[in-house]
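*Asks:* Provided herewith is a single structure, encoded as structure tokens, for subsequent inquiry.
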Amino acid sequence: MKNLFLAFTTLIVLTSCQDAVTGPTEAQKDTFKKNYTSFLEHHVKGFETEDSSLVAAYLADTVKWSPPVWNGNKILGKDDMVNIAEQYFEEFDNLTFLPGDGGIDSKGAYWGGSYYSEVGESTSEPNGVRVYGTWTGTHTATGATIYNKWYAVIAFNEDGKVVMFSDWMDVSGMQAQIEAHVATQTE
């Protein structure tokens, strides 16, 4: 019985190690790089150049968006994402994304796949991308510089279009930074 338990335990360990050693294929790595590069070329560059057509170009027409503000958990779509981007363009200048910034000992900004999950399944699928960083910009009306840590989970389809986008940030923190700046200007 002891030998059977030892053999079973060894088999589990070797199987687990094999998954960890194998990792993603070169094709999966290439797809992941294509996806996060698309995020940089469309989302980041779109915000930095205030070009909503760049943002819209990488979104599938059927994209489902869960915005960072509380809205009763209502899922929004492509037009909503583009309209909000245009509102940011009106309210802020010099929008810049600092990849990986805001973390403690951050060694990266773009992540995909996982060997661990709540349901116990591992994946090296490249179409799910997690992005970490800080957005910074200048509030147009007041000149306040804002810094906002930001996180997103983005799912791409096989055509390289975003089909799901969920992002989180402290939206009220931007207002607090603007108010603090205005308060120092009136002293």
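*Asks:* Specify the residue that is least open to solvent (accessible area, probe 1.4 Å); the eligible residues are those in the range 45-74 that are charged (D, E, K, R) and in a helix (DSSP H, G or I).
*Replies:* To start, the set of residues in the range 45-74 that are charged (D, E, K, R) comprises 45, 48, 50-51, 61, 64, 74.
Those left that are additionally in a helix (DSSP H, G or I): 45, 48.
Numbers: Lys45: 107, Glu48: 83 Å².
Filtering the range 45-74 for residues that are charged (D, E, K, R) and in a helix (DSSP H, G or I), the one least open to solvent (accessible area, probe 1.4 Å) comes out as Glu48.
*Asks:* While we're looking at this one, here's another question. For the range 66-107, give me the residue count where each residue is farther than 18 Å from Ser52 by Cβ and either in contact with a His (Cβ under 6 Å, 6 or more places away or on another chain) or without any contact (Cβ under 8 Å) to a residue 12 or more places away in the chain (or both).
*Replies:* 9
*Asks:* For the range 75-96, which positions are buried (at least 18 other Cβ atoms within 10 Å of the Cβ) and not in a strand (DSSP E or B)?
*Replies:* Step one: filter the range 75-96 for residues buried (at least 18 other Cβ atoms within 10 Å of the Cβ), giving 78, 81, 85, 89, 92, 95.
Listed by number, the residues that qualify are Lys78, Met81, Ala85, Phe89.
Yes/no matrix, rows are residues, columns are (1) farther than 19 Å from Glu50 by Cβ; (2) part of a helix (DSSP H, G or I); (3) among the hydrophobic types (A, V, I, L, M, F, W, C):
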residue: Asn148; (1), (2), (3): no, no, no
residue: Val153; (1), (2), (3): yes, no, yes
residue: Glu158; (1), (2), (3): yes, no, no
residue: Val163; (1), (2), (3): yes, no, yes
residue: Ala176; (1), (2), (3): yes, yes, yes
residue: Val182; (1), (2), (3): yes, yes, yes
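*Asks:* Hey, does the range 125-133 have a residue that's outside any helix (DSSP H, G or I) and touching a Lys or Arg at 6+ places or on another chain (Cβ under 6 Å)? Talk me through it step by step, then tell me what you get.
*Replies:* Of the range 125-133, the ones outside any helix (DSSP H, G or I) are 125-133.
Narrowing further to those that are touching a Lys or Arg at 6+ places or on another chain (Cβ under 6 Å): none.
No, that holds for no residue.
*Asks:* In addition: Can you confirm whether the range 14-27 contains a residue that is open to solvent by 100 Å² or more (accessible area, probe 1.4 Å) and modelled with pLDDT of 80 or more? Reasoning before the result, please.
*Replies:* If we filter the range 14-27 for residues that are open to solvent by 100 Å² or more (accessible area, probe 1.4 Å), which is where we start, we get 14, 18, 21, 26.
Imposing the further condition that a residue be modelled with pLDDT of 80 or more reduces the set to 26.
Yes, there is a match, as at least one residue in the range 14-27 is open to solvent by 100 Å² or more (accessible area, probe 1.4 Å) and modelled with pLDDT of 80 or more.
*Asks:* Now, a different point. Run Gly103 past the list (1) open to solvent by less than 70 Å² (accessible area, probe 1.4 Å); (2) over 17 Å from the mean Cα position of the chain (by Cα); (3) not β-branched (Val, Ile, Thr) and report the number of the one that doesn't hold.
*Replies:* All conditions are met except number (2).
*Asks:* If Trp111 satisfies every condition in (1) part of a strand (DSSP E or B); (2) in contact with a Lys or Arg (Cβ under 9 Å, 6 or more places away or on another chain); (3) modelled with pLDDT of 90 or more; (4) under 26 Å from Asp159 (Cβ atoms) but one, which is the exception?
*Replies:* (3)
The values are calculated or read from the model by the stated rules, or taken from the named source; none is laboratory data. Note that the structure is predicted; figures quoted are calculated from it, not measured. Cβ: placed from backbone, ideal geometry, glycine included. Neighbour counts: every protein chain shown. Please note that ligands, DNA and RNA were not included when accessible areas were found on the heavy atoms of the full protein model with its side chains. Shrake-Rupley method; radii C 1.70, N 1.55, O 1.52, S 1.80 Å.
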